[in-house]
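> Structure provided below as structure tokens; questions to follow.
Each value in this text was obtained by applying a stated rule to the coordinates, not by laboratory testing. Small disclaimer: the values here were computed from a predicted structure and weren't measured. Don't worry about glycine lacking a Cβ; one is built from the backbone with ideal geometry, like all the others, and counts go over all protein chains shown.
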Amino acid sequence: MREPEPLLPLAQALGDTVRLLLLHHLMGGPATVSELVSVTNTTQSNVSNHLAVLRRSKLVRSVRQGRQQVYELRDARVAQLIESLASLTGAAPKAVRQSPDLVRARTCYDHLAGQLGVRLFDVLLSRHAITEPGTLRTLRNPGSPIELGKNGPELFRRLGIDVDDVIRGRKPYAFACRDWTEHQPHLGGRLGAALWGSFVERGWVARQPGTRIVRVTARGRKALGRMFGINTEASGSRRKDNR
């Protein structure tokens, strides 16, 4: 029996506490080496060595901006992998458990996660803006494909999203990304990224600098309540759907 040789470097790259911390932090967006040093509370040389391992394993990439080297996850597939691994453990990382703000709303690479992301997914599904090709049970599997529902084009266009552009290209353009704190799906893929981008552009949400925490603005609270029936003041992942 042949050993799964292509998987070994990837498994080894993920099998280190510092490297996992680096990947978790990069889920919130690009970061400089100095920022990553402060997050891991270790030396710059140690962080640089770990980043080199992640780069060789094609988990991260880097670009130079002036005198600084900026690192980011290689693509959305890496973010999906990290979320899936966290979900399989059955417990959120310590940093998330200790921060109610991260549980309420945070970024998962380029889309919205946490209680708000899960509530939004639930509303989109119930209003037939999105749909699943199979049964609801498939949504419990990380990466399950999601498609536009019958009411999706109109709803997303109201948010200024070019639906034709989103669905053009490689499939799936959306998937059910299992949330590691709520253990329910939030919306990932190009459609999830477009939705997050629309919320940011409209000033409904803002990411707290240097973190994955997402703040809902006063304008956003009104808009999410009016358009989706979501009460962002409520705790937990249950939705208020005023259809």
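> Taking a label point 7 Å from the Cα of SER38 along the Cα→Cβ vector, which residues of segment 50-68 have an amide N closer than 16 Å to it?
68
> If you don't mind, another one. Per residue, how much space in cubic angstrom lies within the convex hull of the C-alpha atoms of segment 90-228?
Spelled out: Cα convex hull of segment 90-228, divided by residues, is 106 Å³.
> Under 16 Å from a point placed 7 Å out from the Cα of ALA11 along the Cα-to-Cβ direction: which residues of segment 47-88 have their backbone N that close?
Residues passing the 16 Å test: 85.
> Suppose each label sits 7 Å from its Cα in the direction of the beta carbon; what would the ARG219-GLN69 distance come out to in nanometres?
In this crude spin-label approximation the distance works out to 3.9 nm.
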